[in-house]
1. How large is the convex hull of the Cα atoms of the chain per residue, expressed in Å³ as a whole number?
2. Kirkwood Rh and Cα-based Rg: tell me the resulting Rg over Rh for region 74-126, rounded to two decimals.
3. I want the local charge near Glu16. Using Cβ-Cβ distances under 13 Å, sum +1 for each Lys or Arg and -1 for each Asp or Glu among the other residues.
4. With +1 on the Cβ of every Lys and Arg and -1 on the Cβ of every Asp and Glu, and nothing else charged, how large is the dipole of region 7-59 about its Cα centre, in debye rounded to the nearest 20?
5. What FRET efficiency comes out for the pair Thr29/Phe106, r = Cβ-Cβ distance, R0 = 30 Å, nearest 0.05?
6. Put +1 on the Cβ of each Lys and Arg and -1 on the Cβ of each Asp and Glu in region 81-133; which of Val105, Gln93, Leu132 then has its Cα farthest toward the positive end of the dipole?
7. On C-alpha positions alone, give me the angle between the axis of helix 81-93 and the longest principal axis of the chain, in degrees, nearest 10.
8. Calculate how large, on average over all directions, the projected area of the Cα convex hull of region 7-59 is; give the answer in nm² to one decimal.
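All of the numbers you see were taken from the coordinates with simple rules; none came from a lab. Since this is a predicted model, take the numbers as computed values, not measurements. Glycine also receives a Cβ, built like all others from the backbone with ideal geometry; neighbour counts cover every protein chain displayed.
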Amino acid sequence: MQQRLTIIGLGVNDLEVANDFYENIFGWTKLPSSNEGITFMQLNGILLSLYPKDKLAEDAGVSPEGTGFKAFSLAYNTRTKEEVDEVFVGLTQKGVKIVKQPEEVFWGGYSGYIADPDDNLWEIAFNPFLPLDEVGNAQP
C-alpha cells in the first residue's frame, strides 16, 4: 500500500453549519463535486470532506454516539510564528472557539488550538523543523 492520504472525512452534526464555518471562517471553497449531502474542499494535497455524522457512522457500520476527546487533531502549519498570531487574531474576531492560545511549545515550535463547530481540534502551528513549499506542503 502506498504511503498516501486522499481524503480527510469529518462527520458533522449539521452540514450547513460546518459549511458556513469552513467557507466563511476559514475562507475555503467548495468543489463543484459537492452537493446538498456532502461537501468537498481541495486542500494543498488532499481533500477535506464534510458529511453528516450519523450517515458516516451508518456507512461504516458503527454507532454515531461518542463524546469527549476524539483522539486526533488536524493541523494548519504556517511559515512564521507571527503568522500563527495573525491567524488567531482573525479567527478570534470571527468568534471561533479558542481552545488554547498560541505559545512556545516543548518541541521547539509555536502553536495553539481552535475548535470547529463539531469540536474537531485544529492546531495552528509554526514548526521551524518543517519548512513549507509555495503551496503549503511540508518539506521534510
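1. Value for the chain: 142 Å³ per residue.
2. 0.94
3. -4
4. In debye, rounded to 20, region 7-59 gives about 220.
5. The value I calculate is 0.25.
6. Gln93
7. 50 degrees
8. 3.5 nm²
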